[in-house]
Amino acid sequence: MNIDFNKNNDGLVPAIIQDSITRKVLMLGYMNEEAFLKTNETKKLTFFSRTKNRLWMKGEESGNFLNLVNIKLDCDNDTLLIQVKPEGSVCHKGTDTCWAEENTADYGFLSKLEGIIASRKKLSETEPGLRDENDSSYVVSLFDKGINKIAQKVGEEAVETVIEAKDDNDGLFLNESADLLFHYMILLKAKGFGIKDIVKVLEKRH
């Protein structure tokens, strides 16, 4: 790995630290060549602390080490992307990241959709007479009808997906697949779970 440590006068390159599983950015640190070599030797991230003016292994005092998984070098050879498995919180303030975010996976639009479903579930827990007239929706009505109706809808969408899979109309197949996934996400939320819980099960099987 041809890292250009001489590009900056201080001999340091920025290191973006990312959780290898959630892909959440955890922190930004700086490495000189000695810190880089130490990290590869110990498999625990070591930085050059500009405050302490010395090598500093993350977790040397707190025990919250960052275990090395992978290192990537950018196109200009002067910035590192380092994927890790963190032990405990990362920020010195006790948060998961230095941006005070939870270190949870983001599944893009599916996470956004999951949030909408969660808000609809919360609305369904409000007495009908106390709801705003704009609070009615298909998802709220499903939650109102209970787990049996939601499970039934998942079964119906699964059958329709299988039927379309046996034909050659890709558009219909994708639409039915989307319906199945949508209703399955509703079922997960009704049972008190989410996508992350299914991912954990799959990870254990891997």
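The values are calculated or read from the model by the stated rules, or taken from the named source; none is laboratory data. Just so it is clear, the structure is predicted and the values come from calculations on it, not from any experiment. As a convention, Cβ positions derive from the backbone with ideal geometry for all residues, glycine included, and neighbour counts pool all protein chains shown. Just the protein is used for accessible areas: all its heavy atoms, side chains included, with ligands, DNA and RNA removed. Shrake-Rupley method; radii C 1.70, N 1.55, O 1.52, S 1.80 Å.
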Selection from segment 56-82 of residues that are in a strand (DSSP E or B), surrounded by 18 or more Cβ atoms within 10 Å (Cβ to Cβ) and within 21 Å of the chain's Cα centre (by Cα): L66, L68, I71, L80, I82
Residue, nearest to S111 (Cα to Cα), within segment 130-155, restricted to residues that are open to solvent by less than 70 Å² (accessible area, probe 1.4 Å) and out of contact with any helix residue (DSSP H, G or I) (no Cβ under 7 Å at 6 or more places or on another chain): S141
All positions within segment 183-206 that are open to solvent by 50 Å² or more (accessible area, probe 1.4 Å) and of a type in the set (G, A, S): G192
Failed condition for D106, given (1) under 29 Å from F143 (Cα atoms); (2) surrounded by 14 or more Cβ atoms within 10 Å (Cβ to Cβ): (2)
Of all residues making up segment 96-128, the number that are more than 17 Å from N64 (Cβ to Cβ), assigned to a loop (DSSP other than H, G, I, E, B) and not acidic (D, E): 5
L180 being in contact with an Asp or Glu (Cβ under 7 Å, 6 or more places away or on another chain), buried (at least 18 other Cβ atoms within 10 Å of the Cβ) and without any contact (Cβ under 8 Å) to a residue 40 or more places away in the chain: yes
Matching option when the condition is closer than 30 Å to K196 by Cβ and out of contact with any strand residue (DSSP E or B) (no Cβ under 8 Å at 6 or more places or on another chain), among T95, T79: T95
Only one of K112, K121 that is of a type outside the set (A, V, I, L, M, F, W, C), at pLDDT 90 or above and open to solvent by 80 Å² or more (accessible area, probe 1.4 Å): K112
Residues within segment 150-206 that are closer than 21 Å to L113 by Cα and of a type in the set (K, R), tallied: 5
